[in-house]
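Notes follow the structure.
The values are calculated or read from the model by the stated rules, or taken from the named source; none is laboratory data. These numbers were taken from a predicted model, which means no experiment stands behind them. Neighbour counts are summed over all protein chains in view; Cβ atoms, including those assigned to glycine, are modelled from backbone coordinates with ideal geometry.
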Amino acid sequence: MKPLHELSIAEAGALLRSGQLSSGALTEHALARIASIDEQVRAFILVTRERALEDAHRADLELRAGVDRGPLHGIPYALKDIFDTAGIRTTCHSKLRQDHVPTEDAFVEGRLKAGGAVLLGKLATHEFALGGPSFDLPFPPARNPWNLEHFTGGSSSGSAAAVAAGLLRFAMGSDTSGSIRGPACFCGTVGFKPTYGRVSRRGTFPLSYALDHCGPLTWTVEDAALALQVVAGHDALDPGSADVPVPDYTSNLHAGVHGLRFAYPRHHFAEAEGTSPEVIAALDAAARKLTELGATVEEVRLPDFRLFSACGRVIMIAEGYAIHERDLRERPLDFARYTYQRLILGATLSAADLTQAFRLRRELTVALNAGVLKHHDALLTATGVGPAPHLDAFPADWPLKMPMQTIPYNVTGNPALTLPAGFSSTGLPLGLQFVGRIFDEPTVLRAGVALEGALGVRDRRPGLARTAHA
Amino acid sequence: MDTEGPEADTPLERELDLLMRRQGLQVPTAYKAGVLAGYEDLRRMTAHLRQPRDAESEPANVFQLDALLRGR
């Protein structure tokens, strides 16, 4: 049998149901790994050991009594520390909320509890899901398990680092301009931003109402499907939640890509400033692999990437400023430098800027959905334009410019999945994205499973994840 | 909190200072250079937004009764 921490959700679930493994043993193993490895990775802000052991005990009793709460029953997980957890500190990784203890669970946490999953704790994030990496906060930033001197990406930094280090197989993150997919790319995990409205954001600290999404980070695409199955669904108390039936995300997962048509907007990343030739080569290889698997891949042109970026960033900064305006005015030095410097820019935007951004958003959404995705089943593109940068590359005064290829699909709301495309010559992961039609998560997951298998990138894990703690 | 920095010495910095003053904000001196760099970036972005577009480019506004009535 594989080491326990390398079991996928599906594999661990099968062993739990056959009685060959207990949730208690799985949880104890995870807690021991956290104790031995997380001092280096810094993925966790808070470990909820007692709660985890109680959850696991209950999960085992229920399974023995024939009560099966679904695919995450007995499976350990953790939450980015912007998801409210009743009675458990939820800090947003900020001095401004370091003693905040919510009285209610986020919708997602409620779903996971009801699904019998086991909460291991709360994970590092960039402060209020923006900025970073910051060293001027009450908690240190997470480190990239592939090389601890490199950036994790953000803002779901702890979620990606924890999965990559094999501390757990599933964590929740949030994504406003790429905060699930960016760290998943840099840390070599899978990250799935579903369609806007597919997963409720109630009880998740907002950054931008128009662009915020919640979704899972996992080691495999199949595990992302299993996790999404539990957290997806309508929530009448989230104004952005969509009342659209949730399909079975696993029924068609292994159908392959034969006969599917993929659009390939190569210009978006190949013409971007600073794109690594290794990323272009990895994406071209992925496109060829899809063709070998029986799919059609056609190069297309989307509207200029700078339009997507400008639209998304103006909306995000304007809404983020509105949310934090009072603290920015009254407690500016309680924010990390990078967070403050980004959010305060909202004060310089005009009503006309924001209105024009929302008008452009409609144009871009139509161009993608009524244009390219009318004729193609999904889109293949890069996630980052290079591997994770060294932490020393970040200037002291202003965040490093990293043109991730993620924000277009926050602007349009389409489902977007990132998975590893290969590795750089320095041994760091490179990422690719599949982007689907609105609410067509099943096709995106199906494509992800097919390419993940064909590229064979899942057997390679960070040395730290393999060698530390048996 | 140190908010009294040196006099602005570029048109861009004077513009930023004016916008901040209009909002009643004073950027801490230690953060000023980064805010100015970010403002320069943001100005480039807002220029992209200001292109001709037709009447169809209207933001969608969809309301759900359940959400509007919550808490009542």
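Key figures for this structure:
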| quantity | calculated |
| --- | --- |
| When residues of the stretch A:318-351 are limited to those that are within 26 Å of the chain's Cα centre (by Cα) and within 7 Å of chain B (Cβ to nearest Cβ), the one surrounded by the fewest Cβ atoms within 10 Å (Cβ to Cβ) | A:Arg337 |
| Where a residue in the stretch B:21-39 is more than 7 Å from chain A (Cβ to nearest Cβ) and its partner, wherever it lies, is among the hydroxyl-bearing types (Ser, Thr, Tyr), with Cβ under 8 Å and at least six apart | B:Gln26/B:Thr3; B:Thr29/B:Thr3 |
| Residue list for the stretch A:136-152, restricted to those being under 15 Å from the mean Cα position of the chain (by Cα) and closer than 19 Å to A:Thr220 by Cα | A:Asn144, A:Thr152 |
| Subset of the stretch A:394-411 [within 14 Å of chain B (Cβ to nearest Cβ), surrounded by 24 or more Cβ atoms within 10 Å (Cβ to Cβ) and either in contact with a His (Cβ under 9 Å, 6 or more places away or on another chain) or at pLDDT below 95 (or both)] | A:Pro408 |
| Scan of the stretch A:181-196 for residues that are of a type outside the set (A, V, I, L, M, F, W, C) and under 8 Å from the mean Cα position of the chain (by Cα), ordered by number | A:Arg181, A:Gly182, A:Pro183, A:Gly191, A:Lys193 |
| Residue list for the stretch A:357-382, restricted to those being facing another protein chain (nearest Cβ under 8 Å) and surrounded by fewer than 22 Cβ atoms within 10 Å (Cβ to Cβ) | A:Phe358, A:Arg359, A:Arg362, A:Glu363 |
| Search result, residues across the stretch A:427-462 that are small (Gly, Ala, Ser) and without any contact (Cβ under 8 Å) to a residue 24 or more places away in the chain | A:Gly453, A:Gly456 |
| Filtered residue count, the stretch A:30-52, keeping only those that are part of a helix (DSSP H, G or I) and either among the polar types (S, T, N, Q) or crowded, with 18+ Cβ neighbours inside 10 Å (or both) | 10 |
| Residues that are closer than 17 Å to A:Ala171 by Cα and acidic (Asp, Glu), drawn from the stretch A:29-59 | A:Asp38, A:Asp55 |
| Per-region count, the stretch A:53-100, residues among the charged types (D, E, K, R), out of contact with any Gly (no Cβ under 7 Å at 6 or more places or on another chain), over 23 Å from A:Arg181 (Cβ atoms) and assigned to a loop (DSSP other than H, G, I, E, B) | 3 |
| Considering residues of the stretch A:135-173 that are of a type outside the set (D, E, K, R) and touching a His at 6+ places or on another chain (Cβ under 7 Å) only, the residue nearest to A:Pro71 (Cα to Cα) | A:Gly166 |
| Every residue from the stretch B:23-72 that is surrounded by 11 or more Cβ atoms within 10 Å (Cβ to Cβ), modelled with pLDDT of 85 or more and farther than 24 Å from A:Cys311 by Cα | B:Leu25, B:Gln26, B:Val27, B:Pro28, B:Thr29, B:Ala30, B:Tyr31, B:Lys32, B:Ala33 |
| Residue list for the stretch A:234-266, restricted to those being away from every other protein chain (no Cβ under 14 Å), among the small types (Gly, Ala, Ser) and touching a helix residue (DSSP H, G or I) at 6+ places or on another chain (Cβ under 9 Å) | A:Ser251, A:Ala255, A:Gly256, A:Ala263 |
| Condition met for A:Leu228 (under 24 Å from A:Cys187 (Cα atoms), hydrophobic (A, V, I, L, M, F, W, C) and away from chain B (no Cβ under 14 Å)) | yes |
| Among the candidates A:Ser156, A:Ser177, residue that is surrounded by 24 or more Cβ atoms within 10 Å (Cβ to Cβ) and within 14 Å of chain B (Cβ to nearest Cβ) | A:Ser177 |
| Checklist (1) under 16 Å from A:Tyr77 (Cβ atoms); (2) at pLDDT below 95; (3) not hydroxyl-bearing (Ser, Thr, Tyr) applied to A:Met1, failing item | (1) |
| Failed criterion for A:Glu298 (all others in (1) touching a Phe, Trp or Tyr at 6+ places or on another chain (Cβ under 8 Å); (2) under 20 Å from B:Pro28 (Cα atoms) hold) | (2) |
| Total residues in the stretch A:1-32, condition more than 30 Å from A:His254 (Cβ to Cβ) and in contact with a helix residue (DSSP H, G or I) (Cβ under 7 Å, 6 or more places away or on another chain) | 2 |
| Given (1) of a type outside the set (A, V, I, L, M); (2) surrounded by fewer than 18 Cβ atoms within 10 Å (Cβ to Cβ); (3) under 26 Å from A:Phe205 (Cα atoms), number of the condition A:Asp84 does not satisfy | (2) |
| Per-region count, the stretch A:122-141, residues small (Gly, Ala, Ser) and touching an Asp or Glu at 6+ places or on another chain (Cβ under 9 Å) | 3 |
| Residue match in the stretch A:383-393 (condition: surrounded by 20 or more Cβ atoms within 10 Å (Cβ to Cβ), part of a strand (DSSP E or B), in contact with a strand residue (DSSP E or B) (Cβ under 6 Å, 6 or more places away or on another chain) and of a type outside the set (Val, Ile, Thr)) | no |
